[in-house]
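Below: one structure, written as structure tokens.
The values are calculated or read from the model by the stated rules, or taken from the named source; none is laboratory data. From a predicted model like this one, the values you see are computed outputs, not experimental measurements. Quick reminder, even Gly has a Cβ in these numbers, built from the backbone with ideal geometry, and neighbours come from all protein chains shown.
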Amino acid sequence: MGKENESNEVVKAVKSKFSLSFWEMTAASTVVLGFVAGLICVYLTMPDSDYSFLKLPHNLEDLRVLRDHLESYTSDYTAQVLVGYCTVYIFMQTFMIPGTVFMSLLAGALFGVFKGVALVVFNATAGASSCYFLSKLIGRPIVFCIWPDKLKFFQAQVAKRRGGLLNYMLFLRLTPTLPNTFINFASPIVDVPYHIFFLATFIGLIPAAFVTVRAGITLGELQSVGDLYDFQSIATLFLIGIVSVTPTLMSKSKS
């Protein structure tokens, strides 16, 4: 009996630490395998050439150099460029590597507005989802260490807005109230259900993706990343965000 109790305690400890369901674990594993398969596929199918220009852009100058080299490849090797782009974008989102704004600008420069927005929203949602699952496994001590104050605030707000949580998460995605990186990593810690997280991410990122991708078409005219979000753009995003939480506020006032 004693040994059985000990083994049961071990099983409970493991389950509490690895709190992913079967389908969540499957999704997380699929993302990891997708990274590996995507990179191998791109490596094996690209022609022999000098790829010294391939690096993560850290400023607009790096991005322009990357755009100039990739434009010819995109027309001749569209599938390979798409797979490589998606793999890198999702990888950056998953592991919170700065620079996805440059990847969004690159989508506009290479694929145009509509294809670029679809590409950015797909990759941003997939990357945010894999970050969500990663955080569910190992995120709690990291979030408490890096963002203790933000976590307390976020946890309190989520607890108060359980009835209209989708609207609140949409508001956060549409406005710069909290960083997207923090939202991705902290959401499972404060018990935001994945289906709400997914819907809010997929829908809420569309306006910002449109602004960034459209700016990528005129990449040569940008002087800095700050030019992306002028007062009019930020005010528009806030207005959309306020509209998203209006139904929740109205239902509370009626009750």
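Regarding the range 108-127, can at least one residue be identified that is within 15 Å of the chain's Cα centre (by Cα), aromatic (Phe, Trp, Tyr) and at pLDDT below 90? Give the derivation first.
Step one: list which residues in the range 108-127 are within 15 Å of the chain's Cα centre (by Cα), which gives 117-127.
Those left that are additionally aromatic (Phe, Trp, Tyr): 122.
Subsequent filtering for residues that are at pLDDT below 90 retains none.
No - not one qualifying residue is present in the range 108-127.
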Counting only helices (runs of 4 or more DSSP H) entirely within the range 80-192, those with at least 3 residues that are surrounded by fewer than 19 Cβ atoms within 10 Å (Cβ to Cβ) are 113-146, 148-160
The condition of being modelled with pLDDT under 80, of a type outside the set (A, V, I, L, M) and in contact with a Phe, Trp or Tyr (Cβ under 8 Å, 6 or more places away or on another chain) holds, among THR236, THR175, THR248, only for THR248
With the first residue restricted to the range 196-209 and required to be in contact (Cβ under 8 Å) with a residue 40 or more places away in the chain, and the second required to be hydroxyl-bearing (Ser, Thr, Tyr) and not in a helix (DSSP H, G or I), Cβ contacts under 8 Å at 6 or more apart or on different chains are PHE197/SER187
